[in-house]
Every structure is written in structure tokens, then in C-alpha cells.
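Novice: One structure, as C-alpha cells, below. Some questions next.
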Amino acid sequence: MSSVRESVEVQVPLSTAYNQWTQFESYPQFMEAVDRVEQLDDRRLQWTARVGPRTKQWQAEIVEQVPDQVVAWRSTSGAENSGRVTFESLGPDRTRVNVEMEIDPEGLVENVGDALGFVDRQVKEDLERFKAFIESRGVETGAWRGTIDQGVR
């Protein structure tokens with residue numbers, strides 16, 4: 001299992017950053033390797049992404065979601081992965097977005113890529129693209145303010 005921890009400061013209010021993060025189907029607009037995220041219901045997501053030379057699909061379940069605080073998930077099919085995104089207010093128009101992920105690389109190519117730091121760089125660059133995306137808009141594309149709480153990890 002490989003761990004990734006990254007954060008980014010965005011120049012938008014906490015609720016704007018959080019609300020945008022709940023818009024899972026918008027992820028391909030700022031996550032480079034993600035081709036598609038389909039929200040199946042309030043808890044379940046179907047992902048399609050490019051991992052190295054392959055396209056992979058998996059389902060994930062939201063295991064914790066608290067407005068303006070946290071979104072956490074775990075895979076339920078496909079490659080094992082889980083994570084947690086937290087949001088910290090740094091002032092009225094500034095927010096820190098913190099990402100923690102656990103990923104289990106599959107096969108030689110993914111393990112070599114992980115060892116070379118590709119996963120860490122991808123997450124860092126995706127967060128920078130999220131920053132550019134939300135700051136250029138100034139407002140979220142939508143919001144889901146529901147709560148999901150069944151514990152994490």
C-alpha cells in the first residue's frame with residue numbers, strides 16, 4: 001500500500017471549495033488521468049481512469065461526508081484505494097484542501113511508477129489544477145450538502 005498526502009490553498013471560501021469537491025462528475029476537468037466519474041447514488045461512484053498505459057474502472061463508496069469538513073471514500077471493486085479530503089478555513093476567502101490517499105499499485109508498471117513518485121506528483125498536480133479551476137470560476141458548479149457517516153477505515 002502506498003500513501004499520498006498533499007494539500008493546496010485556494011482563494012475561495014471554505015464552502016465553495018467543499019461544494020465543488022462534492023461535484024464528482026466534474027473531476028475530469030481538473031484530474032488529468034480521470035476520464036469519467038459517474039455518481040450512481042449519494043454514496044456510490046463509478047470511476048474510469050488511465051493508469052500508466054491502461055484504462056481502469058472501479059467503484060468507490062463515500063464512507064464519510066460532513067459539509068465543509070470532510071469527504072472520505074474507499075474502493076469497493078477494482079484496485080484497492082481509499083482516501084480522505086479535509087477542508088480548513090484560512091480566512092473568509094481562503095481554504096486549505098488536504099488530501100490523504102492509500103493506493104495499492106497493481107502490476108510491475110504501477111509499482112515502478114509509484115516507486116518513482118508518479119502518484120504523488122499526479123495528486124499534487126491535480127490539486128493545482130483544482131485550484132486553477134475553482135479560482136477561475138469563483139463559484140462552485142453545484143453542491144451536495146448531505147451527510148454520510150459510517151466511520152472511516
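Novice: Set Lys and Arg Cβ to +1 and Asp and Glu Cβ to -1, take the dipole of the chain about its Cα centre, and tell me which of PRO13, VAL119, SER77 lies farthest positive.
Specialist: Farthest towards the positive end: PRO13.
Novice: Sticking with this structure for a sec: Which distance in nm do the two modelled labels at GLU80 and ASP104 give, with both placed 7 Å along the Cα-to-Cβ direction?
Specialist: 0.3
Novice: Continuing with this model, one more query. Could you tell me how far the Cα centroid of the stretch 115-143 sits from the Cα centroid of the stretch 13-53, in Å?
Specialist: The two parts, judged by their Cα centres, are 11 Å apart.
Novice: In nm, to one decimal, how far is the modelled label at VAL139 from the one at SER15, with both set 7 Å along Cα→Cβ?
Specialist: That separation, rounded to one decimal, is 1.3 nm.
Novice: May I ask you to order 23-30, 106-113 by the average number of other C-beta atoms within 10 Å around their residues, highest value first?
Specialist: 23-30, 106-113
Novice: Quick one: net charge around ALA79, please, counting Lys, Arg +1 and Asp, Glu -1 for every other residue with C-beta under 9 Å from its C-beta.
Specialist: In short, -3.
Novice: Here's a follow-up. Assuming R0 = 22 Å, what is the FRET efficiency of ASP35 and GLU125, from their Cβ-Cβ distance, to the nearest 0.05?
Specialist: 0.85
Novice: If packing is taken as the mean number of other Cβ atoms within 10 Å per residue, what is the order of 129-135, 54-60, highest first?
Specialist: Going from most to least packed, we get 129-135, 54-60.
Novice: Using only the C-alpha atoms of the chain, find the volume of their convex hull and express it per residue in Å³.
Specialist: 98
Novice: Given only helices, namely DSSP H runs of n ≥ 4 each adding -39500 (n - 2.57), what is the per-residue ellipticity at 222 nm of the chain, to the nearest 500 deg cm²/dmol?
Specialist: Here the helix-only value at 222 nm equals -7500 deg cm²/dmol.
Novice: Quick check: from the Cα gyration tensor, does the stretch 93-153 come out rounded (a/c under 1.5), prolate or oblate?
Specialist: Here the stretch 93-153 falls in the oblate category.
No value in this document is a laboratory result; all are computed from the given coordinates. This one's a predicted model, so the numbers in the text were calculated from it and none came from an experiment. Quick reminder, even Gly has a Cβ in these numbers, built from the backbone with ideal geometry, and neighbours come from all protein chains shown.
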